[in-house]
Each structure stands twice: as C-alpha cells, then as structure tokens.
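No value in this document is a laboratory result; all are computed from the given coordinates. What you see is a predicted model, and the numbers here were worked out from it, not measured in a lab. Ideal geometry is used to build each Cβ from the backbone, glycine not excepted, and the neighbour counts take in all protein chains shown.
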Amino acid sequence: MSAVTDIPVHLPKLLALFKTVVPKLVNNKHKGQYGRIGVIGGSLEYTGAPYFAAISSIRVGADLAHVFCHSNASAIIKSYSPDLIVHPVLDCVDAVEKITPWLERLHVVVIGPGLGREPGILKTASNVLKLCMDTKKPVVIDADGLFLLNDNLNLICGQPNVILTPNVMEFQRLFGEDDQAARQKMSLLGAGVTVLEKGANDRIYIPHCNEVHSMPTGGSGRRCGGQGDLLSGSLATFFSWSLQSGEPNPALIAACASSYFVKKLNAVAFQKFGRSLLASDMVNQIPSVFQTEFENSDPQ
C-alpha cells in the first residue's frame, strides 16, 4: 500500500474557496433552492441531537429541515422550534414507505443523531440508508448511524457522496486501532466516501488516494454535548452547496469548512460563557460567525 500523504489544510485558501461555494442571496430563488436537509434520528432519550443537527442546518442557510424521528420524540422536538418539520414515523411498521416520498425532495440526509439503539429503529434506519445508496442520495452519517456500519461497512462501499463523522472512539470501532489495518479497511470504501475524524485536530480522510487533510486546532477546552450534532447539521448544508457549486471535491470542501466553522463557534461562544457554555449558546453564535468567516471578512 502506498504511503499516506498528510496535507495540512491552508486556512486562507480554504476560506477563500468556500466563499465561492456559499450561494448568493438573490430575489429570484424560491423556497428550498438553498437547501432541503433531512435528519433521521430522535428517540425518547435523545431529542436534543436531531434538533441541534436540524436547527444548525437551517441557521447556516438551508431553507428547510425535516426531522424523521420516533413518535415519542416528535412533540418534544417540535416544542424546541417551530422552524423544523417533524415526522413521527421511525417506529411505524411502514416507516420506510412513509419516508421515501420525502427523500426525493431532500438535497442531503443526515443519519444518526439521537437515533438510539432500539433494534427495530436501527433496522428502519438501515433500510433508509440502503434506499439513499440506491438512489445516490448524498448522506452524512454520524453518531448511532455509524453504529449501523460497525459490522456492515459494505453498505456504503463504492457509493458516491457519503461523509462519515466519527469521533476518536467511533473511528476505532469502525476501522480498528492499528493504523495499517485502519488504512486497509478504509481503502475498501471507494472514491465516493470521505471520513471526517473529530478530535483536537480534525482529520479528513480521502481513502481511495491515501490522503489525510489535517485541520488546525481550535475551539476551547469546553466539550459540552451537542457539538457533534452542530457539525453534522452544518456539514449537510455545506455539502449541499458544495455539490451544487460544481467544485471537483465537494465532500472535502464541506468537511473542512464545517470543521473550521464549528470550532470557531465554540471559541466565540466560550469567550462569552466560559465553563457554562452549552451547545444552544453555539447555535446562537451561528449568524455572526458565519457572516464574519464566510461572507464579509478577508481570510486570516
């Protein structure tokens, strides 16, 4: 196997490039053209995760966000925000049939936030993932969505426009702790799968060409729950825009930009809230940080 090429991400170039990907707000667009995002997840125990993923996707600029959740979670998620479209279907016997017509309308689907480990729900999520793969629907797979792949990685092998977002432990469960074995296993994913490993330095793997793009450190020492969900939601919108832009490496661009963005959100919110920082505080910083980093400022 050829040697891994470790490529430090050059932030000024990344930010300059991503600014060209962000669509301009013009008056001749209609609702939905800036992004329609779906989130598959949400259980009685975990209602915050799908909310954070969905709300971050529309806060950064998507027009619509749908959450497909367990019926027990629906009313709770709806109470968090009237801006989300919530479908209480994951525990229905015909869940896949109910979700299928909506999938056709979505630009990117996020699978996993707050999904839980109930066998019936995992089976439904697996069938939705298979449907996304059959229809070439771009997907971001996070959290319990990654659990689906632990013993069934072939679900995504050879598929286009798939981004995985494991943390360090999830990465090891997927690919193993040995670097050589992990590289070998990742090489089976094919040219269309990108892996964003979250950590102090996020690393974006392009398995088919043995590239690893290393992001700089950022954020703060405050690691409250929900930050991974903000990443998956913002990543979905960035991915949608990158795909529409026609850039040759849309998954890489979106992964690098969302990694940088969420760490910047954390850093800015930490300046205000310090040790008491919550994920909801980071959501409230999205408008100002996005405008500063991706619209008005010159890259630093």
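Kyte-Doolittle mean at least -0.5 and Cα extent at least 24 Å along the axis: which DSSP H helices of the chain qualify?
Helices passing the filter in the chain: 227-245, 250-273.
According to the square roots a ≥ b ≥ c of the eigenvalues of the Cα gyration tensor, what is the shape class of segment 33-184, taking rounded for a/c under 1.5, prolate for a/b larger than b/c otherwise, and oblate for the remainder?
Prolate, because a/c is 1.5 or more and a/b exceeds b/c.
To the nearest 20 debye, what charge dipole does the chain have about its Cα centre, counting +1 at the Cβ of each Lys and Arg and -1 at the Cβ of each Asp and Glu?
580
Which residue fluctuates the most in the chain, going by a Gaussian network model with Cα springs under 10 Å, if the choices are Asn249, Asn72, Asn28?
Fluctuation is largest for Asn28.
Which of rounded, prolate or oblate describes the chain when judged by the alpha-carbon gyration tensor and an a/c cut-off of 1.5?
rounded
Write down the radius of gyration of segment 186-239 and its Dmax, each obtained from C-alpha positions, in Å.
Expressed in Å, the Cα Rg and Dmax of segment 186-239 come to 12.8, 35.
Testing the spin-label approximation: label points 7 Å from Cα along Cα→Cβ at Gln291 and Ile85. State their distance in nm.
2.8
Among rounded, prolate and oblate, which fits segment 166-217 when a ≥ b ≥ c are the square roots of the eigenvalues of its C-alpha gyration tensor, a/c under 1.5 means rounded, and a/b larger than b/c means prolate?
Since a/c reaches 1.5 but b/c is at least a/b, the shape of segment 166-217 is classed as oblate.
Applying 1/(1 + (r/R0)^6) with R0 = 30 Å to the Cβ-Cβ distance of Ser280 and Thr217, what FRET efficiency is obtained, to the nearest 0.05?
With R0 = 30 Å, the Cβ-Cβ based efficiency is 0.80.
Most fluctuating residue of Val168, Val67, Val86 in a GNM of the chain with Cα springs under 10 Å: which is it?
Val168
Could you let me know the centre-to-centre spacing of segment 183-229 and segment 235-293, using Cα atoms, in angstrom?
The two parts, judged by their Cα centres, are 15 Å apart.
Under 17 Å between alpha carbons, and skipping anything fewer than 8 positions from Lys198 in its own chain: which aspartates and glutamates qualify?
Asp6, Asp142, Asp144, Glu170, Glu177, Asp179, Glu211, Asp229
Between Asn154 and Val26, what length in nm is gained on full extension when 0.36 nm per residue of separation is reduced by their alpha carbon distance?
Gain on stretching Asn154 to Val26: 41.9 nm.
Relative contact order (percent) for segment 40-140, with alpha-carbon contacts under 8 angstrom and 6 or more residues of separation?
So the answer I get is 31 percent.
Using r as the Cβ-Cβ distance of Lys272 and Asn201, and R0 as 25 Å, what FRET efficiency do you calculate, to the nearest 0.05?
0.55
At a Förster distance of 41 Å, what's the computed FRET efficiency of Val168 paired with Asp134, Cβ-Cβ distance as r, to 0.05?
0.85
Students often get this wrong, so check it: of Lys98/Lys264; Lys24/Lys137; Lys19/Lys137; Lys98/Lys272; Lys19/Lys272, which have C-alpha atoms separated by over 32 Å?
Long pairs (Cα-Cα over 32 Å): Lys98/Lys264; Lys98/Lys272.
When only alpha-carbon atoms count, how far does segment 51-131 stretch along each of its three principal axes, as whole angstroms with the largest first?
Ordered largest first, segment 51-131 gives principal extents of 32, 26, 18 Å.
May I have the pair-distance distribution P(r) for segment 159-250, computed from all Cα-Cα distances with 5 Å bins from 0 and rounded to whole percent?
3, 12, 21, 26, 19, 13, 6, 1
Which of Lys123, Lys29, Lys19 ends up with the largest GNM mean-square fluctuation for the chain, with Cα atoms connected below 10 Å?
Among Lys123, Lys29, Lys19, the largest GNM mean-square fluctuation belongs to Lys29.
How long is the gain from Thr5 to Asp178 if the chain were fully straight, where each residue apart is worth 0.36 nm and the alpha carbon distance is subtracted?
That pair, Thr5 and Asp178, stretches by 60.5 nm at full extension.
Compute the distance in nm between two label points, each set 7 Å from the Cα along the Cα-to-Cβ direction, one at Ile76 and one at Gln244.
Output for this residue pair reads 3.3 nm.
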